Amino acid sequence: MKARFTRDEIAIAALELVDARGLSALSMRSLATALGTGPMTLYNYVTDKEGLEELVVTAVLATVPAPESSADWRADVERIARGIWIAVDKHPAAIPLVLTRRVSSPAGFAVIDALIAALGRGGLDGENRLAAFRAVLGFALGSAQAGLGADPQGAATRIGTVAGDGYPNVAALAEVAKRTSPTTEFELGIAMLLDGIAMRARAR
């Protein structure tokens with residue numbers, strides 16, 4: 001008997017539910033209602049709410065552009081990191097799940113495998129490649145997390161005001177944050193990170 005839904009269809013529906021109503025709205029019952037079926041149907045695909053949450057992560061990572069390798073490992077790493085950042089940033093309500101759930105889907109493994117391979121082409125292996133992988137992935141996810149909130153510039157203003165003269169470095173950086181953009185911060189940050197990784201690779 002043909003299954004009524006595919007796992008991809010359920011994953012997309014779960015992500016749409018989280019996007020529209022927030023993470024707290026995700027449940028077997030609410031997702032079943034959105035799909036026009038009964039909660040028991042979903043147990044043919046997942047065993048519990050944690051399984052639903054993993055499907056949300058699967059749906060987010062499936063939107064990362066398919067990685068392509070080239071002779072320029074640094075450009076490949078930057079492209080993959082940017083793809084992760086943009087994909088996750090588009091689904092702010094799902095960010096807590098992306099940060100805390102293990103990757104368990106072919107789409108997620110494809111992105112991670114491509115990132116690891118690119119770092120290998122840069123001359124890294126063993127512990128150095130592991131550390132670089134964690135640093136790049138952490139930066140991409142952290143950049144998305146940093147964008148949470150409706151008014152980043154307003155938050156920077158409040159931080160600067162509270163810091164005042166007592167914490168001049170915090171206040172000064174808050175002023176910079178008010179004038180910059182998430183894209184600018186990402187581009188500068190990934191460039192700095194890759195500069196360090198490239199230097200480490202050359203020193204080996």
What are the residue pairs meeting all of these: first residue in segment 157-183, first residue modelled with pLDDT of 80 or more, second residue of a type outside the set (Lys, Arg) and part of a loop (DSSP other than H, G, I, E, B), Cβ atoms under 7 Å, and 6 or more apart or on different chains? 171/164; 182/147
Being in a helix (DSSP H, G or I) and surrounded by 20 or more Cβ atoms within 10 Å (Cβ to Cβ) is the filter here, so list the residues in segment 115-128 that pass it. 115, 118, 119
Among the residues of segment 4-23, is any free of Cβ contacts under 8 Å to residues at least 12 places away in the same chain and either surrounded by 17 or more Cβ atoms within 10 Å (Cβ to Cβ) or part of a loop (DSSP other than H, G, I, E, B) (or both)? yes
For the structure I just gave you, tell me whether residue 144 is part of a helix (DSSP H, G or I) and over 20 Å from residue 200 (Cβ atoms). yes
Restricting attention to segment 159-178, does a residue exist that is farther than 20 Å from residue 61 by Cα, basic (Lys, Arg) and surrounded by 12 or more Cβ atoms within 10 Å (Cβ to Cβ)? yes
Within segment 41-53, how many residues turn out to be touching a helix residue (DSSP H, G or I) at 6+ places or on another chain (Cβ under 8 Å) and either in contact (Cβ under 8 Å) with a residue 60 or more places away in the chain or assigned to a helix (DSSP H, G or I) (or both)? 5
Going through segment 79-104 in order, the residues found to be of a type in the set (Gly, Ala, Ser) and touching a residue at least 60 places away in the same chain (Cβ under 8 Å) are 81, 93, 94
Based on what the data block shows, is residue 104 in a loop (DSSP other than H, G, I, E, B), small (Gly, Ala, Ser) and farther than 20 Å from residue 10 by Cβ? no
Restricting attention to segment 72-82, does a residue exist that is in a loop (DSSP other than H, G, I, E, B) and either at pLDDT 95 or above or exposed (fewer than 13 other Cβ atoms within 10 Å of the Cβ) (or both)? yes
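The values are calculated or read from the model by the stated rules, or taken from the named source; none is laboratory data. Quick caveat: nothing in here was measured; it's all calculated off a predicted structure. Ideal geometry is used to build each Cβ from the backbone, glycine not excepted, and the neighbour counts take in all protein chains shown.
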